[in-house]
Each structure stands twice: as C-alpha cells, then as structure tokens.
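Data block below; observations after.
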Amino acid sequence: MMSSGDFCPRCGDPVSERSEPLPGEPRERDAVLCDDCYFEDFDLVDAPERIEVRVCSQCGAVYEGNRWVDVGARDYTDVAVEQVSEALGVHLKAEDVRWGVEPEQVDENTIRMHCTFSGIVRGTYREESVTVPVLISRQTCDRCGRIAGGYYASIVQVRADDRTPTAEEEARAVEIAESYVQEREDTGDRNAFISETKETDDGTDIKISTNQLGGGVAKRIVRELGGHVKEYPTLVTEDSDGNEVYRVTYAVRLPKFTPGDVLDPKDDDGPVLVRSVRGNLKGVRLTTGDQYEASFEEGETPDARQLGTVDDADETTVVAVEDEYAIQVLDPDTYESKTIARPSYVDADADAVPVLKSRAGLHVLPEDAVDGDE
C-alpha cells in the first residue's frame, strides 16, 4: 500500500494514497482520517428512535405537518413507510445509495419498519440496517370534533310560500345539500360537512359547516326547485384578530305552486297543469294541450287559484271522441255522459283517460302527468 505522505491525526498511522487528492486547505478534520478511524464513527443512516403517526379514529385522516389529511388508506402501513422514509437521513458523502423498507405489523397500533441502506463511501461499499418503531396514535381530528360537537356556521331553512313543502321537495333539498357538500369534500375541503338535518312543522332545517357552503346549497335548491332565497346574518362572536364572526340563515322559499298542480290563471283560456316552476311558471292547457308560460312579471307565482293536483285525478271511460276539439266521457262521480274539451294530447282511439273534476268542470289530464313521468 502506497502512502500519501499524510498521517491520521487520530491514530498516527499513514494514510493510504487516494485516487483523488484531498481538497486544499482548510480541510475538514474527518477528511484526513484514515479509513479505519473514519468509519469507526461513521453512520450511513440517521434514523429517529421512533415515529408517531397521528390518526383520526373517526374518519381515518392522518396528521401531516400541521394539518389533517384524508389519505383514504385501508390500513396505515403505507403511511408509516412514507413518514419513516421522510424522517431517515443518508450521509452526504454516500454515493450510489440504495435502500429498502420492510414493515412488520406488531399489533393494531405498532409497526416495526426494518430499513436497509447501502452506498459507496470513500470508494468502500457500506451497508447499514436500522429498525424504527412506528406508533399509531388514535385521536380525533378537528373536523370530527366539530361534527361531534354539533358545530355549524349556517342554516338553510327550506320553506314554501303559503304552503308546507312536500315530502318530495324536502327530500330532494336534502339530497342537493348532501351532493353539494360531498363535491367539496371530494376536492379536499375538510371544512365541508352537514352537522344536522332536522324536520320541522314548516319544513326542513339543514345545518352546514360554513357560510359559503350554506349559500351554495341554498342557490342550488332554488335553481332546481324554484323559489327565492334571503340571507339573515347574526353576529355570534369575534375571532382572535377581533374580526366579527356571523352565522347566516339562508331562508329558501319554494314557489306557491309545484309541478303537478292544476291552476286557473283567470285568463278565460282554461286550467293549466303546472310542469315547471324554474324561473317562471310553465305548463300545459288542459282545454287545448297548448303550452303555457307565465309572463316575466308574474314569474313563478302568477295570479291564479289552485283547482287540484294530478293526485286528485280519476280514470274514466271514453264514450266517444266527437271531433278534434271535443270528447265525451263518463263523470267519475255521477257516471253521466259529458262532453268536454279534447286537448291535443288525447288519442282518437283512447278507451279511458285520467280526468280532474273541480269547480272549473271536468278536464282530461296528460297520461304522463298521472304516471309521474313529468
């Protein structure tokens, strides 16, 4: 072995000649040590004594950095591998580093991570193995804590003008709220949740985690079911910076009329079956089959009286189709033969038709309205 002419400052032995010269002055002390002394205190890997992984026992989220993150893991082995990998440090002088991690599940809350590292240091192959215990710590995340405590920042109140919302309207409003909040959750918004849905004598109350979500839910309900929404903010507290914090009630008022209602618009053109109340009321004339649409000024609540709904309809026998404009049917109550208006949607060879009897007389309804296929 050829000597470089240098001596190890620790043991005094001559240092072997290197393939590359040592850097010029000043030199690090370790740089001039012989290989035996250098490797005596050398650690290829710097590993923590143990790692704690904080996991929410309710939703399974993992605390990473300074926040809770939804990882969607069935178990936490992959999470443990990732956090151990991030915590391990490899010596800066090592080259061509290779490593592997082998997890060992000790029990439900403990995983041993067996880590093996190899690399080239001073032209010498080095290999080290370390074992890092990973403790799964079950806790409650901020979001689940708020849900458990019934926290909410906004209320969406689903009501209707001059009536109580139907069961179908209330159920659909809740579905819209759940769908909207789920969309936000899917984008990673952990502040998105519904804390309570409560039925009252007047309608449904939906308590939601943020004012922004409450406003979005209210707008979607109105967009689909019609009506309008008003906001009523209430000051509840101040935050740590002295900013006022408001809880907002979004009062949704569904239209007075709903699809399936039969109305008399008081325009002498006959009753109307309501098909839609989005924007402005739309429907079909029961005397002719023509389309009806309320004026922009009337909107979704024209000046009209309600004659009944499709649920009030009865099936009756067609006696004769007299011509393009008239049909003869049996009165469902008296069984008398009566000639009434024949709307365009009645087939000439119909044997029976659904009819609605009201103060305005007897009128044929479309088959699809009675079947619920609107």
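Suppose we keep only residues that are open to solvent by 30 Å² or more (accessible area, probe 1.4 Å) and under 40 Å from the mean Cα position of the chain (by Cα) within the stretch 310-336. Which one would you say is nearest to Leu225 (Cα to Cα)?
Asp311
Of all residues in the stretch 135-156, which are open to solvent by less than 50 Å² (accessible area, probe 1.4 Å), in contact (Cβ under 8 Å) with a residue 40 or more places away in the chain and on the phi < 0 side of the Ramachandran plot? Walk me through how you get there before you give the answer.
First, pick out the residues of the stretch 135-156 that are open to solvent by less than 50 Å² (accessible area, probe 1.4 Å): 136-137, 141, 143-145, 150, 152-156.
Next, from what is left, pick out any that are in contact (Cβ under 8 Å) with a residue 40 or more places away in the chain: 136-137, 141, 143-144, 150, 152-156.
Matches in the stretch 135-156: Ile136, Ser137, Cys141, Arg143, Cys144, Tyr152, Ala153, Ser154, Ile155, Val156.
Filtering the stretch 163-195 to residues that are in contact (Cβ under 8 Å) with a residue 24 or more places away in the chain, open to solvent by 70 Å² or more (accessible area, probe 1.4 Å) and more than 26 Å from Tyr63 (Cα to Cα) leaves Thr164, Arg172. Take the residues of the stretch 248-267 that are touching a residue at least 24 places away in the same chain (Cβ under 8 Å) and in a loop (DSSP other than H, G, I, E, B): which is surrounded by the most Cβ atoms within 10 Å (Cβ to Cβ)? The qualifying residue surrounded by the most Cβ atoms within 10 Å (Cβ to Cβ) is Phe257.
Of all the residues in the stretch 268-309, those that are of a type in the set (D, E, K, R), touching a strand residue (DSSP E or B) at 6+ places or on another chain (Cβ under 8 Å), open to solvent by 30 Å² or more (accessible area, probe 1.4 Å) and touching a residue at least 40 places away in the same chain (Cβ under 8 Å) number 3.
Of everything in the stretch 110-119, what is open to solvent by 50 Å² or more (accessible area, probe 1.4 Å) and either in contact with an Asp or Glu (Cβ under 6 Å, 6 or more places away or on another chain) or at pLDDT 80 or above (or both)? Give them in sequence order.
Arg112, His114
Beta carbons closer than 9 Å, at least 6 apart along the sequence or on distinct chains, pair a first residue in the stretch 47-66 that is open to solvent by 20 Å² or more (accessible area, probe 1.4 Å) with a second that is aromatic (Phe, Trp, Tyr) for Arg54/Tyr63; Arg54/Trp68; Cys59/Trp68.
Evaluated against (1) surrounded by 15 or more Cβ atoms within 10 Å (Cβ to Cβ); (2) modelled with pLDDT of 90 or more, Thr339 falls short on exactly one condition, (1). Which one is nearest to Val252 (Cα to Cα) among residues in the stretch 180-196 that are among the hydroxyl-bearing types (Ser, Thr, Tyr) and in contact with a helix residue (DSSP H, G or I) (Cβ under 8 Å, 6 or more places away or on another chain)? Within the stretch 180-196, the match that is nearest to Val252 (Cα to Cα) is Tyr180.
The values are calculated or read from the model by the stated rules, or taken from the named source; none is laboratory data. Note that the structure is a prediction, hence the values are computed from the model and not measured. Cβ coordinates were reconstructed from backbone atoms using ideal geometry, including for glycine residues, and neighbour counts include every protein chain displayed. With ligands, DNA and RNA removed, areas are computed over all heavy atoms of the protein, side chains included. Shrake-Rupley method; radii C 1.70, N 1.55, O 1.52, S 1.80 Å.
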